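Notes follow once the structure below has been shown.
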Amino acid sequence: MRRTAAPDPGEGRVKDPEDLFAGHFDDALTPAERRELTAWLQAHPDHLRRFVEASLFEESIRTVVRSRRQRDAVQAFEAEAGDVGEGRWSRPMRKPPGIPAGPTSTRPRWSLAGVVALAALAVAVASTWWAFRPRPSAPAPVPGAVSWAEVVRTRSTQVASAMPPLQAGRPVPSPRIVLLTGALELGLGNGVSIVFEGPGDLELVTPLRVLLRSGQAVVRVPPEAVGFQLETPTAQVVDLGTEFGVKCGPGGVSEVLVFDGRVLASAQAGGGDFPRQMAAGTAVRFAPDPPGPVPIAYRPERFVRHLTADAPVEIDEAGSPLFNPTLHERIVVPRPVRPPVVDGDLSDWDGTHGFRSERNGAAGEYVEGWMRHDAEHLYIGAHVGDPAPLRNVVDPATDSELGWRGGGLQVRIATDPTMGWPAEGNSAAYYRMRRLATDEAQVAKATSPRLVHLTLWHHAPSAQACLHLAFGMDLHGGRVNPSGYRAAYRMDPDGRGYTLEYAIPWRLLDAPRAPRSGESLAVSWTTHWSDDGGRLWRGQWVELRNAAEPLRIHTWERAATWGRAEFR
């Protein structure tokens with residue numbers, strides 16, 4: 001954008017604001033023109049919106065040139081540093097020469113100069129001060145709290161142990177929120193509302209900028225906060241006065257849905273693409289390679305857009321911890337006289353060689369489990385006590401990696417009998433949390449496709465018995481509802497539980513062969529419960545766990561925590 005003709009300073013209004021925009025971008029405005037632009041921006045919220053759009057367009061042009069020069073430097077750096085994606089953790093990241101660090105390396109820099117900056121931000125600053133102005137009766141502030149952000153309400157939330165608790169009506173206790181379960185609603189002083197759904201990691205940077213590293217967020221932006229920006233590892237979304245949702249999933253893959261109004265969406269890390277304007281009713285996906293955007297189906301039901309004021313199903317930390325005591329370390333897996341009929345009725349399983357665990361402090365929540373095998377299949381049968389059974393609404397077509405969140409069962413198994421027990425392999429998070437380096441042998445064990453994670457759930461809207469498979473402790477190669485498995489669910493007559501039954505071919509589990517009598521495989525079960533709506537996770541119970549391993553290690557991050565399946 002380049003300036004063509006300056007407006008007459010003697011006139012009392014701006015005939016062509018774009019001329020003033022161009023002068024601002026070229027740093028060529030006179031003092032009179034700066035005052036004229038300031039007055040025009042203050043006149044109406046739509047004027048600021050137009051300025052934001054023009055600024056982003058101008059910056060995108062410059063970014064294209066800049067990013068193409070930087071791309072060669074980034075590629076050279078990555079070749080020297082090695083792949084630091086999922087499953088490659090032996091070398092620490094450092095900033096490549098000449099490239100700004102962090103997720104803001106391609107963030108548009110469209111701030112106003114001098115008086116113009118004060119004018120554009122005046123409404124936001126005033127609303128922030130008004131919302132969180134000092135009050136004589138207010139409680140003492142929490143050290144490290146975000147004064148301009150408040151917890152509006154929570155629902156079945158659990159945060160990382162290192163975080164202060166979240167309390168409705170109080171300032172957010174920390175800029176970075178690591179949400180393990182449930183959802184919460186945040187209100188910013190400038191009127192922006194964020195519904196953050198876990199598990200996920202969100203950071204409040206400024207009243208106009210948020211980083212979403214994982215999880216889902218729905219953002220509603222009033223006119224006075226136009227220009228609000230949400231970033232993920234692969235995408236950047238700038239609001240133009242609207243409501244939109246963003247999901248950041250495995251590998252940083254991001255999906256953007258616009259419920260109302262418009263946004264500008266672009267790939268993060270400077271792929272050279274221009275920002276794309278998205279209207280209500282549209283959705284796109286951004287991935288590291290290709291950077292996107294790729295149009296996807298608009299499915300607004302995938303997001304929690306409003307948290308009800310109804311009393312939530314609260315999580316009793318003592319009754320439903322993330323790390324429950326181990327009651328069963330091993331399970332016997334016999335060969336049946338004849339293959340079970342997969343119909344949701346376990347009467348032909350004879351009821352032997354199983355286990356039962358009741359979730360402490362949670363009335364009516366328990367799991368009874370059995371496993372069987374033959375040369376072709378692994379059979380899994382379970383009876384689950386659940387006050388809200390078979391209500392899972394997590395769609396296998398769009399969010400299959402989160403199927404457990406709406407209630408169901410996860411089984412982890414090492415399918416190669418030569419791996420021995422305990423199995424070896426740790427996730428990237430395991431090493432990062434302990435500040436440990438890795439070598440090639442450890443990475444090879446961690447990424448082995450013979451470490452398999454199965455998620456089993458019943459999708460209520462379609463009445464479909466679902467199966468999601470992921471491999472290695474890096475959870476690569478995700479597959480959903482692959483051809484060949486059989487499954488059935490059956491509701492209990494009293495509506496307080498359900499039975500599931502699966503027959504899964506060994507070939508789908510990447511097993512080199514079926515296990516033989518006398519061999520053992522590492523295995524673990526995690527049963528999940530959800531809220532009445534079948535979307536918000538509210539607890540789990542882990543069984544078949546190695547009692548020799550420390551309790552406060554997740555089974556998804558260390559294979560050595562898995563229990564033992566003894567085949568007969």
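The values are calculated or read from the model by the stated rules, or taken from the named source; none is laboratory data. Just so you know, these numbers come straight off a predicted model, no measurement behind them. Cβ atoms come from the backbone with ideal geometry, glycine included; neighbour counts cover every protein chain shown.
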*Quick one: count up the residues across segment 434-478 that are in contact (Cβ under 8 Å) with a residue 12 or more places away in the chain and either among the aliphatic types (A, V, I, L, M) or within 14 Å of residue 414 (Cβ to Cβ) (or both).*
22
*Based on what the data block shows, is residue 309 loosely packed, with under 13 Cβ neighbours inside 10 Å and modelled with pLDDT of 90 or more?*
no
*Based on what the data block shows, is residue 538 modelled with pLDDT under 95, basic (Lys, Arg) and farther than 29 Å from residue 341 by Cβ?*
yes
_Set 498, 502, 485: member being under 30 Å from residue 308 (Cα atoms) and either buried (at least 18 other Cβ atoms within 10 Å of the Cβ) or at pLDDT 95 or above (or both)_ = 498
_On the basis of being among the acidic types (Asp, Glu), farther than 20 Å from residue 384 by Cα and in contact (Cβ under 8 Å) with a residue 24 or more places away in the chain, does residue 566 make the cut?_
yes
*Tell me which of these residue 410 doesn't satisfy, since it passes every other one: (1) modelled with pLDDT under 95; (2) touching a Ser or Thr at 6+ places or on another chain (Cβ under 9 Å); (3) polar (S, T, N, Q).*
(1)
*Hey, any hits in segment 173-187 for a residue that's part of a loop (DSSP other than H, G, I, E, B) and either touching a Ser or Thr at 6+ places or on another chain (Cβ under 8 Å) or at pLDDT below 90 (or both)?*
no
*Report, by residue number, each residue of segment 545-563 that is outside any strand (DSSP E or B) and touching an Asp or Glu at 6+ places or on another chain (Cβ under 7 Å).*
546, 547, 559, 560, 561
*What is the residue count in segment 489-507 for residues that are of a type in the set (A, V, I, L, M, F, W, C) and under 18 Å from residue 407 (Cα atoms)?*
2
*Return yes when residue 183 is of a type outside the set (S, T, N, Q) and touching a residue at least 40 places away in the same chain (Cβ under 8 Å) and no when it is not.*
yes
*What single numbered condition from (1) buried (at least 22 other Cβ atoms within 10 Å of the Cβ); (2) at pLDDT 90 or above; (3) in contact with a Lys or Arg (Cβ under 8 Å, 6 or more places away or on another chain) fails to hold for residue 193?*
(1)
_Need the failing condition index for residue 220 against (1) within 19 Å of the chain's Cα centre (by Cα); (2) closer than 21 Å to residue 268 by Cβ; (3) at pLDDT 95 or above, just the number._
(2)
*Within segment 223-249, restricting attention to residues that are charged (D, E, K, R) and over 20 Å from residue 267 (Cβ atoms), which residue is modelled with the highest pLDDT?*
243
*Among the numbered conditions (1) closer than 30 Å to residue 532 by Cα; (2) surrounded by 16 or more Cβ atoms within 10 Å (Cβ to Cβ); (3) of a type in the set (Asp, Glu), tell me where residue 492 comes up short.*
(2)
*Would it be correct to say that residue 465 is within 15 Å of residue 344 (Cα to Cα), more than 26 Å from the chain's Cα centre (by Cα), in the same structural domain as residue 398 (by TED's automatic domain parsing) and surrounded by 19 or more Cβ atoms within 10 Å (Cβ to Cβ)?*
no
